[in-house]
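Every read-out reported here was derived from the displayed coordinates using simple, explicitly stated rules and does not represent laboratory data. Computed from a predicted model, the values in this text were never measured in an experiment. Using ideal geometry, Cβ is built from the backbone for each residue, glycine included, and neighbour counts are taken over all protein chains shown.
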Amino acid sequence: MPQMIFVNLPVKDLDKSKAFFAALGFSFNPQFTDDTAACMVVSDTIFVMLLTHEKFRSFSPKPIADTSQALQVLLTLSRESREAVDTIVAAALAAGGTSTDEPQDHGFMYDHSFLDLDGHAWGVMWMDPSALRS
């Protein structure tokens, strides 16, 4: 079985968060989605569990971070092209997300980022595969 990752994020309004991420093109696994949690599918091995604050607290040994004051984690997704980076960031902004910076073009890498409805930071990047060869 391949290694998998489940990122758990607290959200204030589960339905609004599901709508936000659906607008970015993500789907949800109904087996692990109910009125307290939604399993967002990023890939075959990467999932983001959107959890109500109450549900998140039942798993967390620490209080939920105040994302208006500080970041606890920066999540970064890769995309297949610069255009795909721009597309998902534009979708995030259209769905109510907030831009955090201007796109950064490093030649071999291109990135941009946004905050979701709960203030979680998402980076989106593309890297030229030929730059990875030595």
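Out of every Cα pair in the stretch 1-64, what percent are spaced more than 14 Å from each other? Cα-Cα pairs of the stretch 1-64 separated by over 14 Å account for 55 percent. By other beta-carbon atoms within 10 Å, ranking R57, R82 with the fewest at the front produces R57, R82.
Relative to the dominant Cα principal axis of the chain, helix 82-94 is inclined by about 40°.
Each 10 Å bin from zero up to the one holding the largest Cα-Cα distance in the chain carries the following percent of pairs: 11, 40, 35, 12, 2. For the pair E83 and A22, label points projected 7 Å from Cα toward Cβ lie 2.7 nm apart. One way to sum up the overall shape of the stretch 67-134 is the equivalent ellipsoid from its Cα gyration tensor, whose semi-axes run 23, 13, 9 Å, largest first. Against the chain, whose longest principal axis is taken from its Cα atoms, helix 14-23 shows a tilt of about 20°. Here the chain is treated with +1 on each Lys and Arg Cβ and -1 on each Asp and Glu Cβ, and its dipole about the Cα centre works out to around 340 debye. In straight Cα distance, which aspartates and glutamates are under 16 Å from K12, not counting same-chain residues fewer than 8 positions off? K12 reaches D34, D35, E54, D66, D116, D118.
Charge tally for A38 (other residues, Cβ to Cβ under 15 Å; Lys, Arg +1; Asp, Glu -1): -3. Under 11 Å from a label point set 7 Å out along the Cα-to-Cβ vector of I64, the amide N atoms of the stretch 10-50 belong to 10-14. Less than 5 angstrom separates the built amide H of N8 from those of M49, all sequence-distant by 5 or more or on a different chain. Here the dipole of the stretch 1-60 is about 140 debye; that uses its Cα centre as origin and unit charges on the Cβ of Lys and Arg (positive) and Asp and Glu (negative).
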